[in-house]
Amino acid sequence: MRVPDDWFVGFHEGLAARFWQAAGEAMLDADFAVVAALLPPSGSVLDVPCGDGRLSRRLAEAGYDVTGIDIAPGALALAPPGLRLQQGDLRALPDIGPVDAALSWGNSFGYLAPKDTARSLAGLRRVVKPGGTLILESGAVAESMLARGVSGRSEHGFGGITMRSARTYRPQESRLEVESEFEADGVVEHGRAAYYVHTTGEVVRMLHAAGFADVELRGDDGPYEVGAPRMIAVAR
């Protein structure tokens with residue numbers, strides 16, 4: 001059965017939320033180093049989707065004026081106190097901003113159906129000041145994902161929780177579907193996720209269509225190359 005397009009509503013709860021919180025903390029230092037190098041040295045930042053606020057926290061500690069938005073109450077409930085976070089939807093961003101920069105991190109690009117992706121990018125263009133920056137990260141672009149293979153099974157453990165996943169690619173939709181099982185202390189929970197897989201060229205064209213004039217594609221250590229683990233688009 002096909003994974004619904006709105007699978008992300010209700011996914012990041014329970015063991016799934018705790019697993020990705022622990023996984024995110026393990027990657028936090030490396031992620032923040034990349035983000036900090038691409039942001040302006042100060043100013044206001046919208047972190048969306050912010051998840052449990054891991055990057056929002058680091059940005060606030062570095063002196064940025066940060067607002068975080070996420071659709072998942074289970075993830076927001078894990079955030080540390082003192083952050084300005086709120087529940088919201090990328091498909092219909094609240095009236096916020098303008099901000100100096102927006103950050104879309106955590107491999108969330110590709111969650112949305114193409115029409116909703118276009119709507120979300122237009123919303124991000126609306127809230128970012130003219131001349132401001134959007135930083136968009138994804139490991140689900142075709143040049144990264146297809147180069148390493150998409151089908152098969154995997155197992156990962158973080159925070160005492162084991163995630164076992166089975167991946168299926170639907171070529172007629174360019175869509176990756178993932179069936180996951182989360183297990184901890186004898187408790188087992190299941191989740192289903194999906195990612196629309198866009199080429200890097202499609203990402204650039206979508207950003208241009210949303211109103212961003214200049215788009216640079218990067219990897220962790222320089223210009224993006226085919227097969228890199230993730231793509232980071234810097235749009236202005």
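The values are calculated or read from the model by the stated rules, or taken from the named source; none is laboratory data. All of these numbers come straight from a predicted model, not from anything done at the bench. Here Cβ is always computed from backbone atoms with ideal geometry, including for glycine, and neighbour counts include all displayed protein chains.
For the subset of the range 197-232 comprising residues that are more than 29 Å from P130 (Cβ to Cβ) and surrounded by fewer than 16 Cβ atoms within 10 Å (Cβ to Cβ), which member is modelled with the lowest pLDDT? Per the stated criteria, the residue is D221. Number of residues in the range 17-70 that are within 19 Å of R84 (Cα to Cα) and of a type in the set (F, W, Y) equals 2. Of the residues making up the range 85-124, those that are crowded, with 18+ Cβ neighbours inside 10 Å, within 15 Å of A210 (Cβ to Cβ) and in contact (Cβ under 8 Å) with a residue 60 or more places away in the chain are F109, L112, T117, L121, L124.
Please work out which one of (1) among the β-branched types (V, I, T); (2) touching a strand residue (DSSP E or B) at 6+ places or on another chain (Cβ under 6 Å); (3) under 27 Å from R125 (Cα atoms) is the condition V3 fails and give its number. Just one mismatch for V3, condition (3). Scanning the range 150-167 for residues that are among the polar types (S, T, N, Q) and over 20 Å from the mean Cα position of the chain (by Cα), we see that the one that is modelled with the lowest pLDDT is S151.
Out of A184, A194, report the one residue that is touching a residue at least 60 places away in the same chain (Cβ under 8 Å), surrounded by 15 or more Cβ atoms within 10 Å (Cβ to Cβ) and under 20 Å from the mean Cα position of the chain (by Cα).
Details: A184 fails: under 20 Å from the mean Cα position of the chain (by Cα).
Being touching a residue at least 60 places away in the same chain (Cβ under 8 Å), surrounded by 15 or more Cβ atoms within 10 Å (Cβ to Cβ) and under 20 Å from the mean Cα position of the chain (by Cα) holds for just one of A184, A194, which is A194.
Cβ-Cβ distances below 7 Å connect the following pairs, each with a first residue in the range 43-72 that is on the phi > 0 side of the Ramachandran plot and surrounded by 21 or more Cβ atoms within 10 Å (Cβ to Cβ), a second residue that is part of a loop (DSSP other than H, G, I, E, B) and not β-branched (V, I, T), and a separation of six or more residues or different chains: G51/G106; G53/A79; G53/P80; G53/L83. Residue pairs whose Cβ atoms lie under 7 Å apart, separated by 6 or more positions or on different chains, with the first residue in the range 145-171 and closer than 24 Å to G24 by Cβ and without any contact (Cβ under 8 Å) to a residue 60 or more places away in the chain and the second among the β-branched types (V, I, T) and surrounded by 14 or more Cβ atoms within 10 Å (Cβ to Cβ), are M145/V197; E155/T162; S165/V178; R167/V150; R167/V178.
I'd like to know if the range 3-22 contains one or more residues that are touching a Gly at 6+ places or on another chain (Cβ under 6 Å), assigned to a loop (DSSP other than H, G, I, E, B) and among the hydrophobic types (A, V, I, L, M, F, W, C). Taking every residue of the range 3-22 in turn, at least one turns out to be touching a Gly at 6+ places or on another chain (Cβ under 6 Å), assigned to a loop (DSSP other than H, G, I, E, B) and among the hydrophobic types (A, V, I, L, M, F, W, C).
Taking residues in the range 28-41 that are more than 11 Å from L55 (Cβ to Cβ), and partners anywhere that are at pLDDT 95 or above, the pairs with Cβ atoms closer than 6 Å and at least 6 places apart or on different chains are L38/I135; L38/V234; P40/D100. Residue count for the range 85-99, restricted to those that are over 30 Å from T200 (Cβ atoms) and either part of a strand (DSSP E or B) or modelled with pLDDT of 95 or more (or both): 3. Collect the residues in the range 183-220 that are at positive phi and among the charged types (D, E, K, R), keeping them in residue-number order. Within the range 183-220, just D185 meets the criteria.
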